[in-house]
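Laboratory data are not the source of any read-out in this text; all were calculated from the coordinates shown. What you are looking at is a predicted structure, and each value in this text was computed from that prediction instead of being measured. Reconstructed Cβ throughout: ideal geometry from the backbone, glycine too, with neighbour counts over all protein chains shown.
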2 protein chains.
Amino acid sequence: MNVTQKTQGLTKTPKTARGHKTLRLLLDAAAGEFGERGFHEAAIARIAQRAGVAIGSFYTYFESKEAVFRALVGDMSAQVRETVAPVILAAPDRLSGERAGIAAFVAFVRQNKALYRIIDESAFVAEDAYRKHYNDIAEGYAASLTAAFGRGEISDSDMTIRAWAIMGMNVFLGLRFGVWDETLTPEAVAKVAADLITNGLR
Amino acid sequence: MNVTQKTQGLTKTPKTARGHKTLRLLLDAAAGEFGERGFHEAAIARIAQRAGVAIGSFYTYFESKEAVFRALVGDMSAQVRETVAPVILAAPDRLSGERAGIAAFVAFVRQNKALYRIIDESAFVAEDAYRKHYNDIAEGYAASLTAAFGRGEISDSDMTIRAWAIMGMNVFLGLRFGVWDETLTPEAVAKVAADLITNGLR
């Protein structure tokens with residue numbers, strides 16, 4: 001994924017394809033380093049080493065460990081949205097989109113297990129980035145629920161509360177059935193959860 | 001609330017009413033200290049001071065900062081369950097119980113804002129206690145959903161997946177509308193969320 005031009009924490013936005021590639025390598029290396037060691041034990045030198053770039057390249061883009069951590073939270077947040085949103089939108093209607101979206105999220109988590117540790121740690125290390133991550137997802141989600149209501153696909157209600165509820169559902173299903181235990185397929189988890197979202201417990 | 005006999009991290013279970021009271025004071029003081037300062041900055045001496053007990057009393061019950069932190073996670077977990085479960089059970093049926101349970105949880109969070117910081121930090125400091133917290137709640141929840149199915153109050157499905165989904169919903173609604181922003185009443189949040197759980201988006 002290309003790094004968004006609005007990524008927080010970036011000293012400089014890359015202008016060349018090579019610059020984009022270096023930044024991508026640094027963010028992926030940062031995900032590995034922060035995911036394994038946590039913020040406090042992570043080291044800039046090891047991030048550069050994992051990325052296979054000189055430490056000077058690190059400082060071209062980030063001024064500190066906190067800066068790269070913030071950029072990483074924003075990058076992971078964008079990756080989640082860019083993975084799940086198109087899957088929901090590609091579905092024939094919102095309700096089948098929910099199912100596909102949950103499956104895509106659980107599958108994404110299995111490939112990106114550092115996600116939870118990094119987002120959860122951001123609550124302590126960079127709380128504004130933590131709030132922005134969830135607020136951005138919830139806002140996008142509420143907007144798409146409102147659009148689905150406009151198309152007559154779902155009932156009326158407070159879409160912000162619904163968005164937070166469904167986001168929480170996804171986050172916990174991803175933790176339990178993506179990170180902790182991979183016994184069930186993402187589709188099996190999504191089938192039950194989407195049925196709950198669509199039809200409720202009745 | 002009385003401290004459960006099975007509280008993790010306890011060196012000794014109090015046998016007298018006075019001992020129970022001291023332990024309760026220590027755990028409440030620990031909630032304040034860990035909630036304000038986080039695990040790494042928290043100090044045993046300050047926990048004892050906040051509790052108004054001698055430091056020797058602290059060591060009667062806990063052998064370390066990690067031990068009191070573990071005990072606190074278990075205690076908060078029990079408080080959540082003991083606050084929400086009776087409210088759900090007192091309702092005339094499971095579905096109205098959901099609504100009352102969500103409102104009770106959001107109200108509890110507003111009175112216990114340290115809850116999120118402490119549970120979230122346990123993912124890093126005492127991951128087994130973190131997992132146990134959510135696993136215990138989900139297990140109890142799944143069992144009560146299975147019972148409600150047995151009474152014909154809800155439809156059949158995988159109750160473990162449903163339990164994790166609804167737990168996640170509650171956790172995120174508590175964060176957003178309990179900790180971050182108190183504009184809405186707990187009942188207003190619960191009305192929308194319970195309608196989602198009951199009837200789905202259709």
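Structural remarks
- Cβ-Cβ distance of B:Glu82 and B:His20, R₀ of 25 Å, FRET efficiency by 1/(1 + (r/R0)^6): the value works out to about 0.95.
- Equivalent ellipsoid semi-axes - Cα gyration tensor, chain A, angstrom: 33, 18, 15
- Remark: label point of A:Arg24 defined 7 Å out from Cα along the Cα-Cβ vector; separations to the same position in other copies 6.0 nm, ascending.
- Take B:Ala43, move 7 Å from Cα toward the beta carbon, and the resulting point lies 3.0 nm from the same point in each other copy, nearest first.
- Proximal lysines to A:Lys21, defined as alpha-carbon separation beneath 17 angstrom and excluding residues fewer than eight positions away on the same chain: A:Lys6, A:Lys12
- For the range A:120-193, alpha-carbon Rg and Dmax in angstrom: 14.6, 42
- Among A:Ala143, A:Ala100, A:Ala71: highest mean-square fluctuation, GNM of chain A, C-alpha pairs under 10 Å: A:Ala143
- Remark on the protein assembly as shown: hydrodynamic radius 22.5 angstrom, per the Kirkwood mean of 1/r across alpha carbon pairs.
- GNM top mover of A:Arg50, A:Arg99, A:Arg70 - chain A, alpha-carbon springs below 10 Å: A:Arg50
- Cα centroid of the range B:1-74 to Cα centroid of the range A:24-58, whole Å: 38 Å
- Cα-centred dipole magnitude for the protein assembly as shown, charges only on beta-carbon of K, R (+1) and D, E (-1), debye, nearest 20: 540 debye
- On Cα atoms only, tilt of B:17-41 relative to the major axis of chain B in degrees: 80 degrees
- Largest GNM mean-square fluctuation across A:Ala29, A:Ala107, A:Ala45, computed for chain A with C-alpha springs under 10 Å, falls on A:Ala45.
- In order along the range B:185-200, the phi-based Karplus estimate (6.51 cos²θ - 1.76 cosθ + 1.60, θ = phi - 60°) of 3J(HN,Hα) comes to 6, x, 5, 5, 5, 5, 4, 5, 5, 5, 4, 5, 5, 7, 10, x Hz; Gly and Pro are listed as x.
- Per-residue ellipticity at 222 nm computed for chain B from its helices equals -25000 deg cm²/dmol, with DSSP H segments shorter than 4 residues left out and the rest contributing -39,500 (n - 2.57).
- Looking at the range B:1-89, the pairs of alpha carbons with a distance over 19 Å make up 34% of the total.
- Label spacing, shortest first and in nm, from B:Ala90 to its equivalents in the remaining copies (7 angstrom along Cα→Cβ): 5.0
- Entries of B:Lys65/B:Lys113; A:Lys113/B:Lys191; B:Lys65/B:Lys132; A:Lys65/B:Lys113; A:Lys132/B:Lys65 with Cα pairs more than 24 Å apart: A:Lys113/B:Lys191; A:Lys65/B:Lys113; A:Lys132/B:Lys65
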